[in-house]
Amino acid sequence: MDDVSETSLLQTGDDLPPVLEENAQGRSPFLLTSDHFGRAIPRSLGNLGLSESELARHIAWDIGIAGVARELAKRLNAHLIAQAYSRLVIDCNRPLHAPASIPRISEATMIPGNEGLTREAVQARRREVFEPYHRRISQAIDDRLRNSLPTVLVSLHSFTPVYAGIRRPWHVGTLYQSDNGLPSLLLKALRASGDLIVGDNEPYAVSNDTDYTIPMHGEARGLMNTGVEIRQDLISDQAGEMQWAERLADIFNDIEASLRAQALLRT
């Protein structure tokens with residue numbers, strides 16, 4: 001990859017920092033990440049040529065996950081690292097080589113502001129949005145391991161009830177690639193409630209071609225990990241967000257106790 005100037009080509013002093021954090025001193029073994037937490041767009045990009053109604057859709061962010069993530073971090077005393085910028089600026093859960101990294105079309109919606117980007121414009125989005133976010137996750141893991149804190153990566157997402165005209169039956173899904181240790185525990189606990197349809201690697205599965213956070217920060221570093229996908233209509237208001245944060249907190253607390261009893265939490 002060619003070098004480009006370090007001069008900012010994207011953000012101004014009025015823009016949000018790309019990395020949002022909650023409870024950075026949290027002592028829980030669970031490190032929470034949220035790649036599609038926010039839907040901010042740098043001022044220099046305007047609205048990417050989209051209406052506000054389009055920018056409020058799932059194409060721009062994971063609806064409802066911000067409230068769940070914040071409350072879950074509080075209930076678990078866990079560190080949350082989240083991305084402030086919209087996935088339409090650059091998707092922080094896609095490999096940089098993937099076409100969906102900076103999508104020109106998302107769920108049949110054209111993204112005018114992503115058409116015909118120069119190399120410098122692409123590099124600026126990577127340098128100022130993608131890289132600071134993933135660098136912070138890496139630093140947090142380094143710090144935790146240096147301080148002998150057990151670390152389990154939990155990547156939080158939400159999904160649409162209907163995609164491409166097909167209704168999705170799952171209320172929640174656990175996602176993984178090569179390590180299903182934690183996902184299997186989470187799957188069992190969610191199904192035990194008796195009132196949920198729980199997806200096992202549904203509605204998505206993790207892969208090196210389509211995902212970045214779990215492969216890079218979980219699997220490559222040998223950390224126990226899972227993705228969590230919650231259906232958006234269940235967390236479309238504050239009551240739903242709080243309900244799901246409480247449900248997940250109870251489950252993760254039980255899982256932590258079980259892992260500690262089996263001496264399976266790694267430092």
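The values are calculated or read from the model by the stated rules, or taken from the named source; none is laboratory data. For clarity, every value in this text was computed on a predicted model and none was experimentally measured. Here the Cβ positions follow ideal geometry from the backbone for every residue, glycine too, while neighbour counts run over all protein chains shown. Keep in mind that these areas ignore ligands, DNA and RNA; they rest on the heavy atoms of the full protein, side chains included. Shrake-Rupley method; radii C 1.70, N 1.55, O 1.52, S 1.80 Å.
Spin-label model, ALA24 to ASP250: label points 7 Å out along the Cα-to-beta-carbon direction sit 3.4 nm apart.
Can you show me the helix-derived [θ] at 222 nm for the chain, built from DSSP H runs with n ≥ 4 at -39,500 (n - 2.57) apiece and divided by the number of residues, rounded to the nearest 500. Calculated at 222 nm, the ellipticity per residue is -9000 deg cm²/dmol. Short-range pairs are left out: with C-alpha atoms under 8 Å and at least six residues apart, the relative contact order of the stretch 15-88 is 58 percent. Using the Karplus relation 6.51 cos²θ - 1.76 cosθ + 1.60 with θ = phi - 60°, the per-residue 3J(HN,Hα) values for the stretch 164-171 come to 6, x, 9, 6, 9, x, 6, 7 Hz, with x marking Gly and Pro.
Accessible surface for the stretch 1-157, divided over its residues, is 42 Å² per residue with a 1.4 Å probe. What is the spin-label model distance, in nm, from LEU96 to THR109 if the labels are put 7 Å beyond Cα along the C-beta direction? Going by the 7 Å Cα→Cβ label model, 2.7 nm. Within the accessible surface of the chain, defined with a 1.4 Å probe on protein heavy atoms only, the carbon and sulfur portion equals 49 percent. Peptides 143-153, 122-132 ranked from most to least packed, by the mean per-residue count of other Cβ atoms within 10 Å: 122-132, 143-153.
Computed over protein heavy atoms with a 1.4 Å probe, the accessible surface of the stretch 180-267 works out to 48 Å² per residue.
Of the DSSP H helices in the chain, those that are both long (alpha-carbon extent of 24 Å or more along the helix axis) and hydrophobic (Kyte-Doolittle mean at least -0.5) are 238-261. Remark: relative contact order (the chain) = 24 percent; criterion is Cα-Cα distance under 8 angstrom and separation of 6 or more residues.
Counting only Cβ charges, +1 for Lys and Arg and -1 for Asp and Glu, the dipole size of the chain around its Cα centre is about 420 debye.
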